[in-house]
Amino acid sequence: MRFLSDKSLEKLRSAGSAPDLSGTRYELVRFVARGGMGSVYVATDRLLRRRVALKILEHENPNDDLSARLLHESRVLAQLEHPGIVPIHDAGTLADGRAFYVMKFVEGSRLDQFIAGVASLPDRLRLFLRVCDAVSFAHSRGVLHRDLKPANIMVGAFGEVLVMDWGLAKLLSELVSLRASGADSETLITDKLPASSEITESTAITGEGLILGTPGYMSPEQARGDSSTLDARSDIFSLGKLLQFIAENPSAVSHTSLPRPLRAICERAFAENSADRYSSVADFASDLVRFLDGQQVSAYRENLFERTYRFYQRYQAAILLITAYLVMRALFILFPRH
Amino acid sequence: MAPPEKSAAAGGNFPQTRISVVAAIRGGDPTERSRALDVLCGAYWKPVYKYIRLKFSKSPEEAQDLTQGFFVELLERNLLSRFAAEKSRLRTYVRLCADSFVLNEIKFAGRQKRGGEVVHLALDFSSAEGEFAAQAINPASIPSPVHFEDFFEKEWIRSLFSSAVTDLKELCVARDKPTAFSLFEAYDLSDEGDRSYAQMAAENGISASDVTNQLAWARREFRRLAQERLRAICETDEEYHHESRSLFGGG
């Protein structure tokens, strides 16, 4: 029997876990990362001569749930054509029996790594608004992400912001029947529903009782595993936590406390009770835009001093110009020329 | 008893129907029991031998005697009957049994000399000793029990993969695919740095896409054969999936 060195052992473990891409048009380049459900590899699309990312289940169909979840994720992604959502190109099953899908290969950094290099608070907030755009679009297509966190946001080499990892995404169509009377936010997110076959599948896969998500970013109702009560406000909770992370910039050398209106926006977004949160991502984003524009935000009631200070901050140049003009006029009146 | 390395090759002697070695050894059928022991010995004797050599600092002769004695005791005292898959993995159980056996042997040194009428396993200790020496392991560099566990696990993987490589070689011969094995050998078994597919294609007079396909086939078969051997020594499907994940990584 052949003796295998330690190096050979590692090579064999890697070869054994490497996806079998024979029969596909993809050629393996390298392993990227391992997630809860599968691994991501970089590959070359031989036909189109471009780099792509492959998400592949770790094992050949160890149970149907995982394959179904990966297929579900690929179908959800296929419905979400938006510049802020990673596009999917292909899906299927490899020769070794493992389910996979092919998506755009995003060269860039994860948000938590990228944000450390962005010093300006307005720049960080504008970046966050692009995440909101993508999530708002997904909600408009009846899809909840359910796992929004810094590690699932990529910032590309040209500044593009992409929401990744839709493995826990849930279709909200069943809420239509549950809330046929026309509740507030659900009306927005169930306007455009996917095919009925999707509804059954997603319900079975991420049905009530399963707790899926990331502690710290997961809403209380999601943490309870009560998925039938989830709606857009569950993602808004995660976005609130994400905004707090982005605004506070934990990697920054010096920490400054957040402005009160911004803190209030965060706190409203991740309020314990979902009824106290923003009713839609669009409302949430609008409040943040108002903050960026120096306007009053809906999440925070200002006192007179704060209102005056904000007014001064917003019209600082004009106020200074008028003040200078008035001072000059006064000087001319007080000290007229002979 | 036949040498386990040969008898268990290609998963050949052990029935493909799903009966775990533990169940077969516990069972009453002597033929099944003997085959199951072959499979178990084939997977574990080298890790056990090297583990005894390293952890208890035994000489090659002492370690050989203790390894022989351990597997005989495993069979005679039917130690696997106490194994509970829900409580631990088989390899952990085997390692703990080996620990207990060696400590008892040390405590009651000379209590019983094996030989004579006692069953003797035909194990190729010279190859195991050669491997052990080649690895040049310094016991001082493995001070904690956790590291001994890691060592045992690594040797178990080495033993399993070595057997699967042998199986793959036999399969390539049987299927008349010598190029596939030589590509696998050059790319995945070599200690040298990675070679390009184009380079290997030129050396073998085939196209780069042939290299991709043949290598993919060999890897797929290697994985299948390793999993087949793994399945044979796992008590439950859950244990098998867990072990398969730890072998090939991921969740």
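The values are calculated or read from the model by the stated rules, or taken from the named source; none is laboratory data. Source: prediction; values computed, not measured. Don't worry about glycine lacking a Cβ; one is built from the backbone with ideal geometry, like all the others, and counts go over all protein chains shown.
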Per the filter on region B:196-215, residues over 18 Å from residue B:169 (Cα atoms) and within 32 Å of the chain's Cα centre (by Cα) are B:196, B:197, B:200, B:210, B:212
- Query: touching a Lys or Arg at 6+ places or on another chain (Cβ under 7 Å) and either surrounded by 14 or more Cβ atoms within 10 Å (Cβ to Cβ) or at pLDDT below 85 (or both) - does that describe any residue in region B:126-136?
  - Reply: yes
Notebook entry, point to check: Can you spot a residue in region B:152-166 that is more than 10 Å from chain A (Cβ to nearest Cβ) and farther than 19 Å from residue A:2 by Cβ?
Noted result: yes
Residue A:95 vs (1) on the phi > 0 side of the Ramachandran plot; (2) in contact with a Ser or Thr (Cβ under 7 Å, 6 or more places away or on another chain): all pass except (1)
Please indicate, with yes or no, whether at least one residue in region B:228-236 is among the acidic types (Asp, Glu), more than 10 Å from every other protein chain (Cβ to nearest Cβ), farther than 28 Å from residue A:30 by Cβ and not in a helix (DSSP H, G or I). yes
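Listed here are the residues, each with its yes/no results for (1) within 22 Å of residue B:217 (Cα to Cα); (2) buried (at least 21 other Cβ atoms within 10 Å of the Cβ); (3) of a type outside the set (Gly, Ala, Ser).
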site: A:45; (1), (2), (3): yes, no, yes
site: A:50; (1), (2), (3): no, no, yes
site: A:57; (1), (2), (3): yes, yes, yes
site: A:72; (1), (2), (3): no, yes, yes
site: A:77; (1), (2), (3): no, yes, yes
site: A:84; (1), (2), (3): no, no, no
site: A:87; (1), (2), (3): no, no, yes
site: A:95; (1), (2), (3): yes, no, no
site: A:107; (1), (2), (3): no, no, yes
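Quick one: which helices (runs of 4 or more DSSP H) sit completely within region B:1-83 and have at least 1 residues that are buried (at least 18 other Cβ atoms within 10 Å of the Cβ) and modelled with pLDDT of 85 or more?
Numbers: elements: B:4-7, B:21-26, B:30-55, B:60-76.
Fully inside region B:1-83 and qualifying: B:30-55, B:60-76.
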Exactly one of A:317, A:285 is of a type outside the set (Asp, Glu) and in contact with a Leu (Cβ under 8 Å, 6 or more places away or on another chain), and that residue is A:285
In region A:10-31, residues that are at pLDDT 85 or above and not charged (D, E, K, R) total 3
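Just for region A:1-32: of the residues that are hydroxyl-bearing (Ser, Thr, Tyr) and more than 7 Å from every other protein chain (Cβ to nearest Cβ), which one is surrounded by the fewest Cβ atoms within 10 Å (Cβ to Cβ)? If you could, list the steps in order and put the result at the bottom.
So the first thing to find is which residues in region A:1-32 are hydroxyl-bearing (Ser, Thr, Tyr), and the list is A:5, A:8, A:14, A:17, A:22, A:24, A:26.
Next, only the ones that are more than 7 Å from every other protein chain (Cβ to nearest Cβ) stay: A:14, A:24, A:26.
Numbers: A:14: 14, A:24: 21, A:26: 22.
Out of the qualifying residues, it is A:14.
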Checked A:303, A:273 against criteria (under 35 Å from the mean Cα position of the chain (by Cα) and more than 19 Å from residue A:231 (Cα to Cα)); the one match is A:303
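Return a yes/no flag: does region B:177-199 have any residue that is among the β-branched types (Val, Ile, Thr), more than 10 Å from chain A (Cβ to nearest Cβ) and out of contact with any Ser or Thr (no Cβ under 9 Å at 6 or more places or on another chain). Even if it seems obvious, please write down each step before you answer.
Here is the first cut: in region B:177-199, the ones among the β-branched types (Val, Ile, Thr) are B:179.
Imposing the further condition that a residue be more than 10 Å from chain A (Cβ to nearest Cβ) reduces the set to B:179.
Next, only the ones that are out of contact with any Ser or Thr (no Cβ under 9 Å at 6 or more places or on another chain) stay: B:179.
Looking through region B:177-199, at least one residue is among the β-branched types (Val, Ile, Thr), more than 10 Å from chain A (Cβ to nearest Cβ) and out of contact with any Ser or Thr (no Cβ under 9 Å at 6 or more places or on another chain).
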Picking from B:93, B:51, the residue that is among the aromatic types (Phe, Trp, Tyr) and without any contact (Cβ under 8 Å) to a residue 24 or more places away in the chain would be B:93
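If the requirement is being among the hydrophobic types (A, V, I, L, M, F, W, C) and either in the same structural domain as residue A:133 (by TED's automatic domain parsing) or at positive phi (or both), which of these qualifies: A:56, A:85, A:115? Before the answer, list the steps.
Working: A:56 fails: either in the same structural domain as residue A:133 (by TED's automatic domain parsing) or at positive phi (or both); A:85 fails: either in the same structural domain as residue A:133 (by TED's automatic domain parsing) or at positive phi (or both).
Only one candidate qualifies: A:115.
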Note on residue A:36: of the conditions (1) at pLDDT 80 or above; (2) in a loop (DSSP other than H, G, I, E, B); (3) under 25 Å from residue A:131 (Cα atoms), unmet is (1)
- prompt: Does region A:255-271 include one or more residues that are more than 15 Å from residue A:297 (Cα to Cα), modelled with pLDDT of 90 or more, out of contact with any Leu (no Cβ under 8 Å at 6 or more places or on another chain) and in a loop (DSSP other than H, G, I, E, B)?
  reply: yes
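Got at least one residue in region A:41-61 being part of a strand (DSSP E or B), under 28 Å from residue B:237 (Cβ atoms), of a type in the set (Lys, Arg) and within 14 Å of chain B (Cβ to nearest Cβ)? Step through it out loud before you land on a result.
Going residue by residue through region A:41-61, those that are part of a strand (DSSP E or B) are A:41-45, A:50-57.
Cutting the leftovers down to under 28 Å from residue B:237 (Cβ atoms) gives us A:41, A:54-57.
Restricting the remaining residues to those that are of a type in the set (Lys, Arg) gives A:55.
Going one step further and asking which of them are within 14 Å of chain B (Cβ to nearest Cβ), we end up with A:55.
So far as region A:41-61 goes, yes, one or more of its residues are part of a strand (DSSP E or B), under 28 Å from residue B:237 (Cβ atoms), of a type in the set (Lys, Arg) and within 14 Å of chain B (Cβ to nearest Cβ).
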Expected output for region A:310-338 (first residue exposed (fewer than 10 other Cβ atoms within 10 Å of the Cβ), partner part of a loop (DSSP other than H, G, I, E, B) and at pLDDT 90 or above, Cβ below 6 Å, 6+ apart or cross-chain) is none
Considering residues that are surrounded by 15 or more Cβ atoms within 10 Å (Cβ to Cβ) and free of Cβ contacts under 8 Å to residues at least 40 places away in the same chain, the number found within region B:209-240 is 13
Within region A:99-142, the residues that are more than 12 Å from residue A:163 (Cβ to Cβ) and of a type in the set (Asp, Glu) are A:107, A:112, A:123
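Here's the yes/no breakdown for (1) modelled with pLDDT of 80 or more; (2) out of contact with any helix residue (DSSP H, G or I) (no Cβ under 6 Å at 6 or more places or on another chain):
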position	(1), (2)
B:194	no, yes
B:203	yes, yes
B:210	yes, yes
B:213	yes, yes
B:219	yes, no
B:224	yes, yes
B:250	no, yes
